[in-house]
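J.: Supplied in structure tokens, the structure appears directly below.
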Amino acid sequence: MTEPSFEGGCQCGAIRYRASGEPVMAAICHCAMCRRANAAPAVAWAMFQESQVAFLSGAPTTYASSPGARRGFCPTCGTQISFAADYIPGLIDLTIGSLDHPDQLAPALHYWDSKRLPWVHFADDLPKHPEFPPFD
Ligand SMILES: [Zn+2]
Ligand SMILES: [Zn+2]
């Protein structure tokens, strides 16, 4: 049995990463901070333990979108790569959209659905959490 592995990177190719093993969580976030950072109506994230993720080339520049939060992006092309925060110690979110094969990881739930734009509708029956979901 081989461990799944997920590779991705930014649009210009300066940043490349690999995540090994199954993600802790894969979900679509509707919060206003993700929306603004990605300039997209909603953002799909795959959360991993930091130890599962290796940067193969380059490293994201980080921006503190709120206290204790670190949004990682490519300083050259602007692709959003990662999210880490003090309230999720040891964990790192990677944008599913930056994967080479984003079809490898399907979101299992929606969160911050209370902030979802009224014209955004996904044709799924996944759980919708009004804010950040409980997980362990
Ligand atoms: Zn780049
Ligand atoms: Zn968000």
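J.: Taking only the C-alpha atoms, wrap a convex hull around the chain and report its volume per residue in Å³ as a whole number. If you can, show how the numbers build up before the last one.
T.: Working: hull volume 16.0 nm³, N = 136.
About 117 Å³ per residue, rounded to a whole number.
J.: Using a 1.4 angstrom probe, figure out how much accessible area the range 11-64 has per residue, in square angstrom, rounded to the nearest whole.
T.: For the range 11-64, the per-residue accessible area is 48 Å².
J.: Net charge within 13 Å of His121 by Cβ-Cβ distance, Lys/Arg positive one each and Asp/Glu negative one each, not counting His121 itself? Show your work: numbers first, answer last.
T.: Working: positive: Arg116, Lys128; negative: Asp113, Asp124, Asp125.
Local charge sum for His121: -1.
J.: Moving on. Quick one: 3J(HN,Hα) in Hz for the range 103-116, Karplus 6.51/-1.76/1.60 with θ = phi - 60°, rounded, Gly and Pro as x.
T.: My calculation for the range 103-116 gives 5, 5, 10, 9, x, 9, 6, 10, 9, 6, 5, 5, 9, 4 Hz in order.
J.: Roughly how many debye, to the nearest 20, is the charge dipole of the range 1-104 about its Cα centre, given +1 on each Lys and Arg Cβ, -1 on each Asp and Glu Cβ, and no other charges? Let's see the in-between values first.
T.: Values: 6 positive and 8 negative charges, 86 e Å.
Dipole of the range 1-104, to the nearest 20 debye: 420 debye.
J.: Amide H neighbours of Ala26 under 5 Å, counting only residues 5+ apart in sequence or on other chains, H built in-plane at 1.01 Å?
T.: Residues meeting the criterion, in which the H sits 1.01 Å from N, are Met47, Ala108.
J.: Please report the carbon-and-sulfur percent of the accessible area for the range 32-73; probe 1.4 Å, protein heavy atoms only, DNA, RNA and ligands left out. Each step should come with its number before you reach the end.
T.: Details: 1250 of 2210 Å².
About 57 percent, which is the carbon plus sulfur part of the accessible surface.
J.: Continuing with the same structure: Full-extension gain between Ala106 and Ser66, please, as 0.36 nm times their residue separation minus the C-alpha to C-alpha distance. Don't skip to the answer; put the middle values down first.
T.: Numbers: separation 40, 0.36 × 40 = 14.40 nm, distance 2.71 nm.
11.7 nm is the gain from fully extending Ala106 to Ser66.
J.: What order, most packed first, do the peptides 119-126, 73-80 have when packing is the mean number of other Cβ atoms within 10 Å of each residue? Provide the component values of the computation, followed by the final result.
T.: Values: 119-126: 9.6, 73-80: 17.4.
For the peptides 119-126, 73-80, the packing ranking is 73-80, 119-126.
J.: What ranking of Glu50, Glu7 comes out by heavy-atom accessible area, probe 1.4 Å, highest first? Let's see the in-between values first.
T.: Values: Glu50 95, Glu7 60 Å².
The ordering from most to least exposed comes out as Glu50, Glu7.
J.: Give me the Kirkwood hydrodynamic radius of the range 1-56 in Å, from all C-alpha pairs, to one decimal place? Provide the component values of the computation, followed by the final result.
T.: Working: mean 1/r = 0.0790 Å⁻¹.
About 12.7 Å, per the Kirkwood formula over Cα pairs.
J.: With contacts defined as alpha carbon pairs under 8 Å and 6 or more residues apart, what's the relative contact order of the chain in percent?
T.: 27
J.: I would also like to ask the following. In whole percent, what relative contact order does the range 22-61 give with Cα contacts below 8 Å and a gap of six or more residues? Walk me through the numbers before you get to the answer.
T.: On the way: 37 pairs, mean separation 16.9, N = 40.
Averaging sequence separation for qualifying contacts and normalising by length gives 42 percent for the range 22-61.
J.: Using a 1.4 angstrom probe with every protein chain in place, what is the largest-first accessible-area order of Met25, Met33?
T.: Values: Met25 25, Met33 85 Å².
Ranking Met25, Met33 by accessible area, largest first, yields Met33, Met25.
J.: Follow-up. Once phi is turned into ³J(HN,Hα) by the Karplus curve 6.51 cos²θ - 1.76 cosθ + 1.60 with θ = phi - 60°, what whole-Hz value does each residue of the range 37-46 show in order, with x for glycine and proline?
T.: For the range 37-46, the Karplus curve yields 4, 9, 6, 9, x, 7, 10, 8, 10, 10 Hz.
J.: Could you tell me the distance between the Cα centroids of the range 1-25 and the range 81-124, to the nearest Å?
T.: Using only Cα atoms, the two centres lie 15 Å from each other.
The values are calculated or read from the model by the stated rules, or taken from the named source; none is laboratory data. This structure is a prediction, so every number in the text was calculated from the model and none was measured. Backbone-built Cβ (ideal geometry, glycine too); neighbour counts: all protein chains shown. Calculation scope for accessible area: heavy atoms of the full protein, side chains included, ligands and nucleic acids excluded. Shrake-Rupley method; radii C 1.70, N 1.55, O 1.52, S 1.80 Å.
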